[in-house]
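*Asks:* Structure in structure tokens, see below.
The values are calculated or read from the model by the stated rules, or taken from the named source; none is laboratory data. Predicted model only: the values in this text are computed from it and were never measured. Cβ placement follows ideal geometry from the backbone for every residue including glycine, while neighbour counts extend to all protein chains displayed.
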Amino acid sequence: MDTEGKIPRALDALGPLTGRTVAVIDVPDTDWVARLRAAGADPLVVEPSTPVTIPVPDHALDAVVAMWTSFRGVDPADLAEADRVLRPGGRLLVVHDYGRDDVSALRDPAAPEYGPWSRREGPFLHHNGFKIRVVHCFWTFETLEEATAVLAEFGERGTTVAERLKRPRLTWNVAVYHRWQGGLVPAGTAEAG
């Protein structure tokens, strides 16, 4: 529901993805792939799997983008697969909900993305070379009535969120965990947080 395009822009800023060879795991929609192609990227859409499997030769990609269902925490086999397919200086970008927003109230509050994953001692930030960028997005609706109708589909949690709305949008914070191939910053590269 990123109608503002903030998530693709953040991924391109961290990748970059424009003009690059990219694998996208669990792509959210075909429109997103079309936007990548229009920006000059060459995306390979990969189905989610456990462990992560990317069907390309070693060092074939400039970036791997994993969206929501992949890299659920950090499995060493998944990191090894990403490092295998990335060229030196390539980027692994992992997208998950971050929480601390309206949308997280619709989901299981015990979900790891809302707690341990985003902590300094968590699996992404502690030993695996990831940094985090939080993208502040919105679920935006035309009217409060439309928002209420959509939120009703989430049951009691959705109804509770709808009752608090003052305008037809929900805050949605998205985490992009990012790391260089091998977890090491290439020489001469400025690392952005």
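*Asks:* Quick check on region 45-64. Is at least one of its residues of a type in the set (Gly, Ala, Ser), within 19 Å of residue 133 (Cα to Cα), buried (at least 18 other Cβ atoms within 10 Å of the Cβ) and out of contact with any strand residue (DSSP E or B) (no Cβ under 6 Å at 6 or more places or on another chain)? Spell out the reasoning first.
*Replies:* Of the residues in region 45-64, the ones of a type in the set (Gly, Ala, Ser) are 49, 60, 63.
Okay, now just the ones that are also within 19 Å of residue 133 (Cα to Cα), so 63.
After this cut, where a residue has to be buried (at least 18 other Cβ atoms within 10 Å of the Cβ) as well, the list is 63.
This time we only want the ones that are out of contact with any strand residue (DSSP E or B) (no Cβ under 6 Å at 6 or more places or on another chain), so: none.
Among the residues of region 45-64, not one is of a type in the set (Gly, Ala, Ser), within 19 Å of residue 133 (Cα to Cα), buried (at least 18 other Cβ atoms within 10 Å of the Cβ) and out of contact with any strand residue (DSSP E or B) (no Cβ under 6 Å at 6 or more places or on another chain), which makes the answer no.
*Asks:* Can you tell me which residues in region 1-50 are among the polar types (S, T, N, Q) and either modelled with pLDDT under 90 or more than 28 Å from residue 189 (Cβ to Cβ) (or both)?
*Replies:* Answer for region 1-50, where residues must be among the polar types (S, T, N, Q) and either modelled with pLDDT under 90 or more than 28 Å from residue 189 (Cβ to Cβ) (or both): 3, 18, 30, 49, 50.
*Asks:* Separate question: Can you name the residue in region 23-42 that is closer than 28 Å to residue 58 by Cβ and β-branched (Val, Ile, Thr) and is also surrounded by the most Cβ atoms within 10 Å (Cβ to Cβ) among such residues?
*Replies:* Within region 23-42, the match that is surrounded by the most Cβ atoms within 10 Å (Cβ to Cβ) is 25.
*Asks:* Is there a residue in region 119-131 that is closer than 25 Å to residue 165 by Cβ, polar (S, T, N, Q), out of contact with any Pro (no Cβ under 7 Å at 6 or more places or on another chain) and not in a strand (DSSP E or B)?
*Replies:* No.
*Asks:* Could you grab me the full set of residues in region 132-173 that are part of a strand (DSSP E or B), among the aliphatic types (A, V, I, L, M) and either over 25 Å from residue 95 (Cβ atoms) or touching a residue at least 60 places away in the same chain (Cβ under 8 Å) (or both)?
*Replies:* Selection gives 132, 135, 170.
*Asks:* Determine if region 77-86 includes at least one residue that is in contact with an Asp or Glu (Cβ under 8 Å, 6 or more places away or on another chain), of a type in the set (Gly, Ala, Ser) and surrounded by fewer than 16 Cβ atoms within 10 Å (Cβ to Cβ).
*Replies:* Checked region 77-86: no residue is in contact with an Asp or Glu (Cβ under 8 Å, 6 or more places away or on another chain), of a type in the set (Gly, Ala, Ser) and surrounded by fewer than 16 Cβ atoms within 10 Å (Cβ to Cβ).
*Asks:* Of the conditions (1) part of a helix (DSSP H, G or I); (2) at pLDDT below 95; (3) aliphatic (A, V, I, L, M), residue 82 clears all except one; give me its number.
*Replies:* Of everything listed in (1) part of a helix (DSSP H, G or I); (2) at pLDDT below 95; (3) aliphatic (A, V, I, L, M), residue 82 misses just condition (2).
*Asks:* When only residues in region 85-111 that are part of a strand (DSSP E or B) and in contact with a Lys or Arg (Cβ under 8 Å, 6 or more places away or on another chain) count, which is modelled with the lowest pLDDT? Write out each step before concluding.
*Replies:* Restricting attention to region 85-111, the residues satisfying the condition of being part of a strand (DSSP E or B) are 86-97.
If we keep only those that are in contact with a Lys or Arg (Cβ under 8 Å, 6 or more places away or on another chain) too, we end up with 91-92, 97.
Details: 91: 96, 92: 96, 97: 93.
The residue in question is 97.
*Asks:* So, one more: Across region 135-179, which residue is surrounded by the fewest Cβ atoms within 10 Å (Cβ to Cβ) among those that are in contact with a Gly (Cβ under 7 Å, 6 or more places away or on another chain) and not charged (D, E, K, R)?
*Replies:* The residue in question is 152.
*Asks:* Let me ask something else about it. Mind checking which residues of region 11-46 are more than 19 Å from residue 88 (Cβ to Cβ), touching a residue at least 40 places away in the same chain (Cβ under 8 Å) and not charged (D, E, K, R)?
*Replies:* Of everything in region 11-46, those that are more than 19 Å from residue 88 (Cβ to Cβ), touching a residue at least 40 places away in the same chain (Cβ under 8 Å) and not charged (D, E, K, R) turn out to be 11, 13, 24, 25, 27, 28.
*Asks:* Would it be correct to say that residue 110 is closer than 20 Å to residue 69 by Cα and loosely packed, with under 13 Cβ neighbours inside 10 Å?
*Replies:* yes
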